[in-house]
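A.B. asks: Mind having a look at this structure? Questions to follow.
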Amino acid sequence: MPVEPPIYRDPQYQRLWAVGSLVGLVRWIEILAFAVFTYEHTQSAMWVASLMMLRMVPLALFGLSLGALASRVSRPRLLLLLHGVVFATGGALLLLSLFGQVQVWHLVLASGLSGLLWASDMPLRRGLMADIAGPRRVAQAMSIDSVSSSACRLIGPALGGLLMARGGLSLVFVFSVLLFLPALLALASLSEPRSAPQVGGLSLRATLAGGWQAVRESPRLRAVLWLTVIFNVFAWPVMSMVPVIGQERLQLDPEGVGMLASLDGVGAVLGSVLLSFAAARLRHGRLYLGAILSFMVLQMLLAWSPQLLLTAAALLVLGAAQTGFGVMQATLVYTSTQASQRAQAMGVMTMCIGASPLGFLLVGALAERLGAPWAISVCAVCGLLAVALTWRLCRTCLREPSALAGPVRG
């Protein structure tokens, strides 16, 4: 059997990787810039959290629908359409900003549309990557993509703060439009890979039924999904408070806030690189649960740290923990189900990730009443209590995967 070349040499994969990198960079630039602009104009932590929440709502509402749609239509064309809509929105906001007419509700609309594009990433762009790579190269393909995604989280907030400090939202939108242009060109030259599965397309109802059947049959999968809900309600949403912490508690300017917010991206990159070398030798279930518990403990340090260096250190470790959670999450779902149920199980996982808007609402509402530090702390305590009260279920993720799922260490 001939040896396949490394996936990064494939031109189609290179285009998809470039699209993900460019759009991911725009996403994290805008998340920081929108948060700074919104807080300056509203002085409301709730509004800041709501913007991030709106980027996550489409995962719960449209993640499974986009997955079902992906089996019926051309994925490259659908990707081109969705990216074109977000590009046009950025162009319209650029014009409004040049005339000084941007309002917070404009950013609310843009965040929702960007969230729809984000929801399409797993079933469309990454689905194409997997088909191009094939079973022997799919792990390599996703690892490379994960490193670039983490790098975007590192660079994006710092660049967003710098752009806001130098030219305000107008400069942010100029940068966004310029980055989207090569992404659209790359998508225009894509085609469906020959290895793509030729299926008639599962209905949304069939996708849901298959996913819940997989959940019923695998206690380990139930534990992973429950911990995913806990993390997305009580842990990850608190990161939306970093701009508030930076401005209120540490008295940083927009450029400083951007640099601070990029530090969890540094930790994520370091964690991704480390996992790419060590993942095969680690017990995945322990790393997954450990990352979740570590994140919730460290978020309290983030909330109350009086010093910039201590806050920076907390963000570095939080970023690494988030990478451990994200990488092991998909791995555990994959190894906890039969091959015929994996696509549906991933769909259910997307719905569980979609619980994060509840977390953004919670942390935003608490921050309005108690302040950002207390809001972050309350979320941490609630998350740790949720794990403790359901420990009998949560510890199931530490079990070895069944023979049906394949010989992967757990």
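The values are calculated or read from the model by the stated rules, or taken from the named source; none is laboratory data. No experiment lies behind these values; they were computed from the predicted model shown. Virtual Cβ from ideal backbone geometry, glycine too; neighbours counted across all protein chains shown.
A.B. asks: If you check 373, 407, 401, which single one turns out to be buried (at least 18 other Cβ atoms within 10 Å of the Cβ), more than 25 Å from the chain's Cα centre (by Cα) and either in a helix (DSSP H, G or I) or at pLDDT below 80 (or both)?
C.D. replies: 401
A.B. asks: Against the definition (part of a loop (DSSP other than H, G, I, E, B), modelled with pLDDT of 70 or more and more than 23 Å from residue 350 (Cα to Cα)), how does residue 154 come out, yes or no?
C.D. replies: Taking the combined requirement at face value, the residue does not satisfy it.
A.B. asks: What about residue 313, is it within 22 Å of residue 149 (Cα to Cα), modelled with pLDDT under 85 and surrounded by fewer than 19 Cβ atoms within 10 Å (Cβ to Cβ)?
C.D. replies: No: the conditions fail for residue 313.
Residue-by-condition table, conditions (1) among the aliphatic types (A, V, I, L, M); (2) not in a helix (DSSP H, G or I):
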residue	(1), (2)
56	yes, no
62	no, no
73	yes, yes
80	yes, no
92	yes, no
101	no, yes
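A.B. asks: Residue 27 passes all but one of (1) in a helix (DSSP H, G or I); (2) charged (D, E, K, R); (3) more than 17 Å from the chain's Cα centre (by Cα); (4) within 30 Å of residue 133 (Cα to Cα); which number fails?
C.D. replies: Checking residue 27 against (1) in a helix (DSSP H, G or I); (2) charged (D, E, K, R); (3) more than 17 Å from the chain's Cα centre (by Cα); (4) within 30 Å of residue 133 (Cα to Cα), the one that fails is (3).
A.B. asks: Can I ask one more? Name the single residue, out of those in region 351-370 being under 20 Å from residue 251 (Cα atoms) and hydrophobic (A, V, I, L, M, F, W, C), that is farthest from the chain's Cα centre (by Cα).
C.D. replies: So the residue we want is 370.
A.B. asks: Which of the residues spanning region 35-72 are surrounded by fewer than 22 Cβ atoms within 10 Å (Cβ to Cβ), modelled with pLDDT of 80 or more and closer than 11 Å to residue 240 by Cα?
C.D. replies: Result: 47, single match.
A.B. asks: Among the residues of region 182-194, what is the count of those that are in a helix (DSSP H, G or I) and in contact (Cβ under 8 Å) with a residue 24 or more places away in the chain?
C.D. replies: Matching residues across region 182-194 total 6.
A.B. asks: Tell me which residues, restricted to region 71-129, are without any contact (Cβ under 8 Å) to a residue 12 or more places away in the chain and either more than 26 Å from residue 355 (Cβ to Cβ) or aliphatic (A, V, I, L, M) (or both).
C.D. replies: 73, 77, 81, 88, 92, 95, 96, 99, 100, 101, 103 - these are the residues of region 71-129 that are without any contact (Cβ under 8 Å) to a residue 12 or more places away in the chain and either more than 26 Å from residue 355 (Cβ to Cβ) or aliphatic (A, V, I, L, M) (or both).
A.B. asks: Now, a different point. Given the residues 183, 188, 165, 214, which is the only one that is modelled with pLDDT under 85 and either out of contact with any Phe, Trp or Tyr (no Cβ under 6 Å at 6 or more places or on another chain) or crowded, with 21+ Cβ neighbours inside 10 Å (or both)?
C.D. replies: 214
A.B. asks: Shifting gears a bit: Looking only at region 294-310, how many residues end up being surrounded by fewer than 19 Cβ atoms within 10 Å (Cβ to Cβ) and touching a residue at least 60 places away in the same chain (Cβ under 8 Å)?
C.D. replies: The total comes to 2.
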